[in-house]
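Shown next, in structure tokens, is the structure this report addresses.
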Amino acid sequence: MWIADRVEKLVPYLRRYARAATGESALGDGCVEIVLQTVLTQSLEVGFDADRFDKERLYTLLDQELAKIQKDPNAKARRALLLIAVEGFADAVASRILGVPKEALPEMLAIAEKDFAESTATRMLIIEDEPLISAQLKRLTEGLGH
């Protein structure tokens, strides 16, 4: 299979990952573009090995670009969660893409899940004239992270 055919099939998935990781379409697409330029440049070199650019290698290149622009200490943890939960990579593959030991993934995933829960939690105002119902609503919403 030609390298162009292989890469073309992965571009939508690379874009999805980059956009989710950055939170911006243009920024994510820019990172994917850099990866594609890297692949194109290297494909013109003598002795180019097309087999080097499998799915894992392309995601690794993309993750390296994302790491350059993301300064938040929890960004790598969020990318780990995306690689596993959204992109469907096994833990071992995700750890290789991120360049971290496999043993570090559970802690990274916990950080990402906590970060996600905190970012989606909202404050609520419960207006209820029955104290028991109000207390029950309070417990329910607090249990959901609000």
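3J(HN,Hα) along the stretch 116-126: 5, 4, 5, 6, 9, 5, 10, 8, 10, 10, 9 Hz, from the Karplus curve 6.51 cos²θ - 1.76 cosθ + 1.60 with θ = phi - 60°, whole Hz, x for Gly and Pro.
For the stretch 70-146, the share of accessible area belonging to carbon and sulfur comes to 59 percent (1.4 Å probe, ligands and nucleic acids excluded).
By the rule of a C-alpha distance below 24 Å, with chain neighbours fewer than 8 residues away ignored, the lysines paired with Lys9 are Lys55. Applying D = kT/(6 pi eta Rh) to the stretch 1-57, where Rh is the Kirkwood radius over alpha-carbon pairs, T corresponds to 10 °C and eta to 1.306 mPa s, the Stokes-Einstein value obtained is 134 µm²/s.
Can you tell me, using C-alpha contacts under 8 Å and at least 6 residues apart, the relative contact order of the stretch 25-146 as a whole percent? The normalised contact order for the stretch 25-146 reaches 19 percent.
Across the stretch 100-110, computed HN-Hα scalar couplings (Karplus, 6.51 cos²θ - 1.76 cosθ + 1.60, θ = phi - 60°) run 10, x, 4, 5, 7, 4, x, 5, 4, 5, 4 Hz from first to last residue, x flagging Gly and Pro. For the stretch 15-84, the set of GluC sites (Glu not before Pro) satisfying both a DSSP loop assignment and a count of at most 14 other C-beta atoms within 10 Å is given as Glu24, Glu45. Computed with a 1.4 Å probe over protein heavy atoms only, the accessible area of Leu83 comes to about 0 Å². As I understand it, the dipole of the stretch 3-95 uses +1 on the Cβ of Lys and Arg and -1 on the Cβ of Asp and Glu, about the Cα centre. Which of Ser25, Leu14, Leu62 lies farthest toward its positive end? Selected residue: Ser25. Of all segments of the chain bounded by trypsin sites (Lys or Arg not before Pro) found in a DSSP loop with no more than 10 other C-beta atoms within 10 Å, the longest spans 1-70. Highest mobility in the GNM of the chain, judged by mean-square fluctuation with C-alpha springs under 10 Å and restricted to Pro12, Pro101, Pro73, is found for Pro73.
Can you give the local net charge around Lys55? Use residues other than it whose beta-carbon is closer than 15 angstrom to its beta-carbon, Lys and Arg +1, Asp and Glu -1. Taking every Cβ under 15 Å from that of Lys55, the sum is 0. Across the stretch 1-124, Cα-Cα distances exceeding 16 Å account for 62% of all pairs.
The values are calculated or read from the model by the stated rules, or taken from the named source; none is laboratory data. Values in this document were obtained by computation on a predicted structure and should not be read as measured data. All Cβ positions, even for glycine, are placed from backbone atoms using ideal geometry, and neighbour counts span all protein chains on display. All accessible areas refer to the heavy atoms of the entire protein, side chains included, with ligands and DNA or RNA removed. Shrake-Rupley method; radii C 1.70, N 1.55, O 1.52, S 1.80 Å.
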